[in-house]
Amino acid sequence: MTGEGDRASITAGRWRGAAAGGRERGSVTAELAVALPAVVLVVAALLVTVSAGGTQLRADEAARTAARLAAFGASDAEVRAAAVQLLPGATVDIAHEAPWVEVRVAAGAAGGWLTSGPLEVRAAATAWQEP
């Protein structure tokens with residue numbers, strides 16, 4: 001059997017543990033509130049980077065395709081149309097310097113508030129003109 005003194009110390013121990021736990025209650029919420037903006041910023045930077053990387057790949061493909069078309073004798077209008085079809089909104093510059101043709105493509109990529117405006121991606125491709 002437990003005496004009254006033992007019961008009092010057990011009860012006091014429970015009280016001390018409850019008081020200590022009470023002071024820490026909500027600390028996870030406070031830590032999350034502090035860390036959440038940093039997590040959101042990292043996720044936003046990751047999304048902008050992935051989006052810009054995808055746009056860069058499309059710009060590379062548009063420049064290569066347009067350079068191949070120009071090398072096979074397509075008109076400048078056809079070359080521009082092909083590049084813009086692969087990368088809508090792109091600006092296309094074509095330079096003919098025999099026996100080479102160079103196509104430069106530039107387009108905007110999503111940047112938003114993270115980069116204080118749109119990003120620009122550029123790509124260039126050069127091909128030997130077919131006779």
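Residues that are exposed (fewer than 15 other Cβ atoms within 10 Å of the Cβ) and under 14 Å from Val121 (Cα atoms) within the range 44-62 comprise Thr49, Val50, Gly53, Gly54, Leu57, listed in sequence order. Of all residue pairs spaced 6 or more apart or on separate chains, those with beta-carbon atoms under 6 Å, a first member in the range 117-129 that is closer than 11 Å to Ala98 by Cα and a second member that is in a strand (DSSP E or B) are Ala127/Val101; Gln129/Val101.
When the residues of the range 102-127 are filtered to those that are of a type in the set (Ser, Thr, Tyr) and farther than 10 Å from Ala63 by Cβ, the one that is surrounded by the fewest Cβ atoms within 10 Å (Cβ to Cβ) is Ser116.
Would you call Arg25 basic (Lys, Arg) and either surrounded by fewer than 10 Cβ atoms within 10 Å (Cβ to Cβ) or in contact with a Phe, Trp or Tyr (Cβ under 8 Å, 6 or more places away or on another chain) (or both)? It is true that Arg25 is basic (Lys, Arg) and either surrounded by fewer than 10 Cβ atoms within 10 Å (Cβ to Cβ) or in contact with a Phe, Trp or Tyr (Cβ under 8 Å, 6 or more places away or on another chain) (or both).
When only residues in the range 63-101 that are under 29 Å from the mean Cα position of the chain (by Cα) and assigned to a strand (DSSP E or B) count, which is surrounded by the fewest Cβ atoms within 10 Å (Cβ to Cβ)? Of everything passing the filter in the range 63-101, Asp93 is surrounded by the fewest Cβ atoms within 10 Å (Cβ to Cβ).
Read the figures in this text as sums done on the coordinates, not as results from a lab. In this text, all values refer to a predicted model and were calculated from it rather than measured experimentally. Positions of Cβ are generated from backbone atoms using ideal geometry, with glycine treated the same way; all protein chains shown enter the neighbour counts.
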